[in-house]
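Written out below as structure tokens is the structure these notes cover.
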Amino acid sequence: MTIENMNVSEENTVYPPNPALFNGTAPKPWISSLEQYREMYKESIEQPDAFWTRMALDNLSWSRPFTKVRQGSLDEGDVAWFVDGELNISYNCVDRWAEADPERVAFVYEADEPGNAQKWTYRRLLQEVCRVSNVLTSFGLRKGDTVAIYMPMIPEAAVSMLACARLGLVHTVVFAGFSASSLAERVQDAGSRVIITADEGLRGSKIIKTKAIVDEAVQSCPKVERVLVFRRTGNEVAFNKDRDVWWHEATDKQRPYCPPVPVSAEDPLFLLYTSGSTGKPKGVLHTTGGYLLGATITAKYVFDIHAGDVFCCTADIGWITGHSYVVYGPLSLGATSVIFESVPTYPDPSRYWKLVEEHKITQFYTAPTAIRALRRLGDSWVDKCDLSSLRVIGSVGEPINPEAWLWYYNKVGRGNCSVVDTYWQTETGSHVIAPLPGATPAKPGSATLPFFGIDVAVLDPLTGKELEGNGVTGVLAIRKPWPSMLRTVGGDHKRFLDTYLKPYPGHYFAGDGVTRDEEGYYWIRGRVDDVINVSGHRLSTAEVESALILSPSVAESAVVGSPDEVTGQAICAFITLKDGVSATEEEVKKELVAAVRKQIGPIATPKILIIVDDLPKTRSGKIIRRILRKVVAGEADQLGDVSTLSDPSILKVLIEKVNAVV
Ligand code: WTA
């Protein structure tokens, strides 16, 4: 395991919390000084039972209160929270606000075509969630069954998740940019009998054949009995009368109330697949009470959400960010959440900023890749919009470079907003390192300080020894269980133990490198395993390599991440061809790109494909990816020890080839 890319430029200026939060025009921040943060943090670590009991009772509604706060340990991998408590997530996210204030807006739906925003009140949301729950019950689904959701960014995607949660069904949302074969793999692994989808999707006016992809996937999923289809575009799609059901027809027949099923705090809520070091994605399993508590209180404290706020997270519901911060976190606080179906540059690059202006968004949360891409398109798009409603602007998914941070702070925040760079993972369920807007002075490029209850340790990657004190660099680990951590990998608890808990016994291993600077601030250095982060999307090198190797022309493949100004990393694939391949290089490359898109989806498309005669290998034949990574990063002069190479002469050719294309 190596930690590379250490020379991230560090900006030393410290930016105090947004002063506008204290001038009386905005609600007073929940946490309004660094001392208050430190006191609460200390309590969360030293007296976790008292701290979490208060958090759980103050922020969630329990149908049966818990008497036991925590059990299990990271050593054993048997962590559980609030075990004898019962609650229902859909009740917490919908009913309690529909009862208190039915006309309050739950979702603002900004459709792909601008000018068509729809507002969903909590009353309407409750009715629709109940109807869909009743439809799912009519399909014979019962508590514990899984339902796959493959939908565009429309309110009905969130309704589907909440309808599952209402009945104790386990949802597995699959990002609708994944290919039929990726969808099939996830549906099979989760054992879903039902898929919820739409006829088509629309993104930046482009049509996505959502239902057709489901039809293709279902061919290899014999267990799927029902496909519930929401009509989004209304274009004609193939319809199998024995299996497919129209959403509007089925929901019309159902009563708009369905009692929420109280479930145990430790009953599963969802599976969400994410890439790891091997080719097969892992189904990360989150449970009910701990997950909801994590999503709720991070949304509350890290975004400083108050009554009346309009919160916008641009992530797709198919990713964890969409789960925690489009759906569960904001709704559990009774806030208004914006569902954005389009892309930031459609119809022009002011789309995000017009959205903020039109809906008077108070917190805006997006990814560094979008910030960098918009920054390159010039300031005029952002300058012309009224962004005065914003108080907090957030970033997630990958390290944000100081230049992008400063542009976000100055141009979008107008120097008047707190920037929250939030570090977390699918596995952590909610933020683990992040500033609090009214408390934490920010340093551009640093995710700052740990959230409540997160006991961060920096470990020596080789010995596993803890690196104490400040000014240290190592791998990021967490020493104590926290409520919203994953509980297992669906169907493979051993993989859960091997991936997260065994590498450094007694710790959760995050897979990222980290520096703790002289002031105790954390700087995330990127993955230390074989995971590539492209535009904030995680992909494993093995996954892409397996897709490439399926091609009849390919003998070997090695995939690494190469630095990219906009997407953070890009996929760079090295290929050796089988003997006797007669196709031209261009033909082979075209075929390979098509193969990856079909096997995984467009997000995995290699940006750089290099056909070589030989790959750098050890004498035992193992590909040395470290060398490939250095060469594509333009650091061929820093290859370090190459004595393990079986044939050092290949280096010169390799470097020449790479320099010709990168
Ligand atoms: C990376 C997304 C630096 C990191 C929520 C992590 C970040 C992986 C940040 C998880 C950040 C996420 N700064 N790196 N603020 N946020 N990452 O599971 O490498 O899709 O391990 O969850 O993204 O990606 P995932």
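The values are calculated or read from the model by the stated rules, or taken from the named source; none is laboratory data. Just so you know, these numbers come straight off a predicted model, no measurement behind them. Reconstructed Cβ throughout: ideal geometry from the backbone, glycine too, with neighbour counts over all protein chains shown. Ligands, DNA and RNA are excluded from the accessible area calculation, which covers all protein heavy atoms including side chains. Shrake-Rupley method; radii C 1.70, N 1.55, O 1.52, S 1.80 Å.
Points worth noting:
- Any chance Val581 is farther than 22 Å from Ser540 by Cα and assigned to a loop (DSSP other than H, G, I, E, B): yes
- Among all residues of the stretch 487-506, there is none that is open to solvent by 10 Å² or more (accessible area, probe 1.4 Å), at pLDDT below 95 and of a type in the set (Lys, Arg).
- Residue in the stretch 530-538 that is touching a residue at least 60 places away in the same chain (Cβ under 8 Å), acidic (Asp, Glu) and open to solvent by 40 Å² or more (accessible area, probe 1.4 Å) present: yes
One line per residue, one yes/no per condition, for (1) surrounded by 24 or more Cβ atoms within 10 Å (Cβ to Cβ); (2) assigned to a strand (DSSP E or B); (3) touching a residue at least 40 places away in the same chain (Cβ under 8 Å):
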| residue | (1), (2), (3) |
| --- | --- |
| Thr251 | no, no, yes |
| Arg255 | no, no, yes |
| Pro260 | no, no, yes |
| Leu269 | yes, yes, yes |
| Thr278 | no, no, yes |
| Leu293 | yes, no, yes |
| Ile297 | yes, no, yes |
| Tyr325 | yes, no, yes |
| Gly329 | yes, no, yes |
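- Scan of the stretch 622-639 for residues that are in contact (Cβ under 8 Å) with a residue 12 or more places away in the chain and surrounded by fewer than 16 Cβ atoms within 10 Å (Cβ to Cβ), ordered by number: Gly634
- Looking across the stretch 518-529, the residues that are open to solvent by 20 Å² or more (accessible area, probe 1.4 Å) and more than 12 Å from the ligand (Cβ to nearest atom) come down to Glu518, Glu519.
- Test: residue in the stretch 366-374 that is more than 16 Å from the ligand (Cβ to nearest atom) and either within 23 Å of the chain's Cα centre (by Cα) or touching a residue at least 24 places away in the same chain (Cβ under 8 Å) (or both): yes
- Scanning the stretch 429-444 for residues that are of a type outside the set (A, V, I, L, M) and either more than 10 Å from the ligand (Cβ to nearest atom) or open to solvent by 10 Å² or more (accessible area, probe 1.4 Å) (or both) turns up Pro435, Pro437, Gly438, Thr440, Pro441, Lys443, Pro444.
Residues are listed down the side, and each one gets a yes or a no for (1) crowded, with 22+ Cβ neighbours inside 10 Å; (2) within 16 Å of the ligand (Cβ to nearest atom):
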residue	(1), (2)
Trp381	no, no
Ile400	yes, yes
Glu403	no, yes
Val412	yes, no
Cys417	yes, no
Asp421	yes, yes
Glu427	yes, yes
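- Filter pass, Lys502 being over 24 Å from Asp267 (Cβ atoms), touching a helix residue (DSSP H, G or I) at 6+ places or on another chain (Cβ under 7 Å) and more than 16 Å from the ligand (Cβ to nearest atom): no
- Any hit, the stretch 632-640, residues being within 29 Å of the chain's Cα centre (by Cα), under 22 Å from Ala373 (Cβ atoms) and not β-branched (Val, Ile, Thr): yes
- Matching option when the condition is modelled with pLDDT of 95 or more and crowded, with 24+ Cβ neighbours inside 10 Å, among Ile195, Ile154: Ile195
- In the stretch 539-555, residue nearest to the ligand (Cβ to nearest atom) [restricted to those that are open to solvent by 20 Å² or more (accessible area, probe 1.4 Å) and part of a loop (DSSP other than H, G, I, E, B)]: Leu550
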